[in-house]
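The values are calculated or read from the model by the stated rules, or taken from the named source; none is laboratory data. Predicted, not measured: the structure shown is a model, and the values here were computed from it. Glycine gets a Cβ as well: all are built from the backbone with ideal geometry, and neighbour counts include every protein chain shown.
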Amino acid sequence: MSIADRYDLKLYQRLLPKMEELCRSAFTEIGCHGWEHVLRVRRLASVIGDREGGNLAIIDVAALFHDTMRLDEDHALRSAEFASTTLSTWGFSRPFIEGVSEAIACHSYSAKRGAGSIEAKALADADRLDAMGAMGVYRTIQYNLENGYHAERVAEHIRDKLLKLEPLLYTETAKAMARGRSEILSIYLEALEEELFDARSSK
């Protein structure tokens, strides 16, 4: 580990509580993109990064900041800018800041920016994994309730987006974790579409 890496690691360890407090203030506790989502992505990204050999401090910071500007149109880019400005003020090195910023900017499915570094791939994969499986169903229903959408949109979202995420994963670790999650999505979608059809047919 280089001198710069040791410096950043010590600074990260010292400022982590402050970082968590700042990022947490940007979220509701519960919600499709609430603090609960951030914590799940943080854990998944850490597991992926550890197995794939990434810089765990960069991954952790990127996970904390990745949705802080969620309400902005390009939330990934704006969250990356916010993280960059904050970390610069706190004295992190330029390579560390750039690593965090790249990971955040590239995590979004809709932004379609490809991830290059292991850290960026770990965050993108973690964010996508949290949109899959039983948790993906939970979050899709949350989003519908938060925005007043009908039940048919849950089926549309699973079919048109969530079931297309697995081929977009970068790391072998995430791909292995995704297989069961895709199956759960397919089973739920089939049951939901059948029940929606029955409800329409009974009118």
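Within the stretch 1-16, restricting attention to residues that are among the aliphatic types (A, V, I, L, M) and loosely packed, with under 15 Cβ neighbours inside 10 Å, which residue is farthest from the chain's Cα centre (by Cα)? Ranking the candidates gives I3 first. Exactly one residue out of K112, K161 is over 18 Å from D50 (Cα atoms) and exposed (fewer than 14 other Cβ atoms within 10 Å of the Cβ), and it is K112.
From the list S79, S25, the one residue that fits, being polar (S, T, N, Q) and surrounded by fewer than 16 Cβ atoms within 10 Å (Cβ to Cβ), is S25.
Pick from S93, S84: which is touching a residue at least 40 places away in the same chain (Cβ under 8 Å), farther than 19 Å from T171 by Cα and surrounded by fewer than 23 Cβ atoms within 10 Å (Cβ to Cβ)? Sole residue among the options that is touching a residue at least 40 places away in the same chain (Cβ under 8 Å), farther than 19 Å from T171 by Cα and surrounded by fewer than 23 Cβ atoms within 10 Å (Cβ to Cβ): S93.
D198 meets the conditions (1) assigned to a helix (DSSP H, G or I); (2) closer than 22 Å to H33 by Cβ in every case but one. The failed one is (2). Restricting L71, L64, L39, L15 to those that are farther than 24 Å from V137 by Cα and either at pLDDT below 95 or in a helix (DSSP H, G or I) (or both) reduces the list to L15.
When you check V47 against the structure, is it more than 18 Å from P95 (Cα to Cα), in contact with a Ser or Thr (Cβ under 8 Å, 6 or more places away or on another chain), in the same structural domain as S84 (by TED's automatic domain parsing) and part of a helix (DSSP H, G or I), yes or no? Here the answer is yes, as V47 does meet what is asked. When residues in the stretch 143-167 are screened for being within 24 Å of K112 (Cβ to Cβ) and in contact (Cβ under 8 Å) with a residue 60 or more places away in the chain, 1 of them pass.
Only helices (runs of 4 or more DSSP H) whose full extent lies in the stretch 84-189 are considered here, and the ones with at least 1 residues that are modelled with pLDDT of 95 or more and within 14 Å of the chain's Cα centre (by Cα) are 94-105, 118-129, 133-147. Among the residues making up the stretch 38-53, those that are among the small types (G, A, S) and buried (at least 24 other Cβ atoms within 10 Å of the Cβ) are A45, G49.
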